[in-house]
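A short worksheet on the structure shown next.
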Amino acid sequence: MSERPPISPRSPRAALEPEQVPPPPRRSERARNPFVVVGNAIITLLLVGMIGAGAAYYYGRQKLEAPGPLQEDKVVNIPARAGMADIADVLQREGVIDNNRWAFIGAVLAMKARSELKPGEYSFQKSASLRDVIGTIVEGKVVQHSVTIPEGLTSEQIVARLSDNDIFAGSVREVPREGTLLPETYKFPRGTTRDQVIQRMQQAQKRALAEIWERRSPDVPLRSPDQLVTLASIVEKETGKPDERSRVAAVFVNRLRQKIKLQSDPTIIYGLVGGKGTLGRPIKRSEISQPSPYNTYVIDGLPPGPISNPGRASLEATANPARTRDLYFVADGTGGHAFTETYDQHQKNVAKLRTMEKQIQNDTVEPADDAAPPAAVGAPADASPTAATKPPPKKPAKPAAAPARQGAAQSTTTPPVVQQ
């Protein structure tokens, strides 16, 4: 009988431990393949990159849409030839973006807008986001400045106004021909050249004149659009009241039909000073009969060209004058004019005006001997003022009545002729 080895007592823990640790499993040949190793590395990098890109996208989107630091609307001028970094500096200095200019640069690159940034004057709204700021610059939404050119200015006066306006650039190479500019309110961005402004006004005038000439009354005694502009320029200078334009035009149209001299004071002034527009003093008696191509007290019919740049309303009124038989008009003392068909009634209106003037001017000094009295429409050249037109040949003026001349809108507070 064989003997068994003695059993030595073991602790419970030792009893659970294996008597011999098995060797680790051998690594598969596939796992050790270099392509697998590289592939695992690439996948890991891709995962990390995707997570990073997602985080960057989320952060960038939040940054693009977040309200900006502007506390109120602000206009900022971005100079020409400014690069992306220069624009970022300007926006940061003006408080449009925060101090992190790199966020703007990164946003521009992310939006692929680097080559689309445009110089100009921009208005940024309060709390404008980066997306709004970049979108405004890319779309070129520059500030438009309203520029109003009043009716009745000469071309020389209009050029002077443009030269004094600092939103424009450059100079006008040549003063445009009288009557070729349309007075209106225009909008221009800062930096527009003055020649571009002139070209736009000329184009607007051509379009308006073509439309109005096409719609003119068939019996208007005007042979060309140029004649329409010439007569409209006189109408423009004779009254500033919109509701009087068509009636003033009717007076001149009726005179043209009857071959009566127009006798308009503004034509005397233009013949004396040309494009400067204003005489700076009253018209003298000697100047009423002074020969000039523009003096409608001397010449028959229309002057050789416009004496100002008439507005659309005066062009419309001249193309479609009121249906009246009026031949005379004189200031009525209230800023308007009194219109009449006969010379006798016109003289009565002149007398009323003088009575009103005497009541107002009791304490004023009498005008100089060589200064013409107030202005009227339709009296002989050696007669006195106010707005009267020369009476028909069969009805000579009475020297004692001192009839008034056709012409400038009459002021009731100054006895001399008022030039416009």
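The values are calculated or read from the model by the stated rules, or taken from the named source; none is laboratory data. Because the structure is a prediction, the values reported are computed rather than measured. Virtual Cβ from ideal backbone geometry, glycine too; neighbours counted across all protein chains shown.
Tabulated results
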read-out: Selection status of VAL253, surrounded by 16 or more Cβ atoms within 10 Å (Cβ to Cβ), under 21 Å from ARG312 (Cα atoms) and touching a strand residue (DSSP E or B) at 6+ places or on another chain (Cβ under 9 Å); value: no
read-out: Number of the condition not met by GLY301 [criteria: (1) surrounded by fewer than 19 Cβ atoms within 10 Å (Cβ to Cβ); (2) assigned to a helix (DSSP H, G or I); (3) small (Gly, Ala, Ser)]; value: (2)
read-out: Test set (1) over 25 Å from THR278 (Cα atoms); (2) free of Cβ contacts under 8 Å to residues at least 12 places away in the same chain - GLU174 fails condition number; value: (1)
read-out: When residues of the stretch 161-182 are limited to those that are among the aliphatic types (A, V, I, L, M) and part of a loop (DSSP other than H, G, I, E, B), the one farthest from GLN203 (Cα to Cα); value: ILE167
read-out: Filter pass, GLY95 being assigned to a loop (DSSP other than H, G, I, E, B), assigned by TED's automatic domain parsing to the domain that holds LEU130, surrounded by 11 or more Cβ atoms within 10 Å (Cβ to Cβ) and modelled with pLDDT of 80 or more; value: yes
read-out: Scan of the stretch 261-284 for residues that are closer than 19 Å to ARG161 by Cβ and polar (S, T, N, Q), ordered by number; value: THR278
read-out: Residue count, the stretch 265-280 (criterion: touching a residue at least 12 places away in the same chain (Cβ under 8 Å) and either in contact with a Pro (Cβ under 9 Å, 6 or more places away or on another chain) or in a helix (DSSP H, G or I) (or both)); value: 11
read-out: Residue check for SER314: in contact with a Phe, Trp or Tyr (Cβ under 9 Å, 6 or more places away or on another chain) and closer than 19 Å to GLU178 by Cβ; value: no
read-out: Qualifying residue in the stretch 218-228 (condition: surrounded by 13 or more Cβ atoms within 10 Å (Cβ to Cβ), assigned to a helix (DSSP H, G or I), touching a Ser or Thr at 6+ places or on another chain (Cβ under 7 Å) and modelled with pLDDT of 95 or more); value: yes
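One line per residue, one yes/no per condition, for (1) modelled with pLDDT under 90; (2) part of a strand (DSSP E or B); (3) surrounded by 20 or more Cβ atoms within 10 Å (Cβ to Cβ):
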position	(1), (2), (3)
GLU121	no, yes, no
LYS126	no, no, no
ASP132	no, no, no
VAL138	no, no, no
HIS145	no, yes, no
PRO150	no, no, no
GLU156	no, no, no
VAL159	no, no, yes
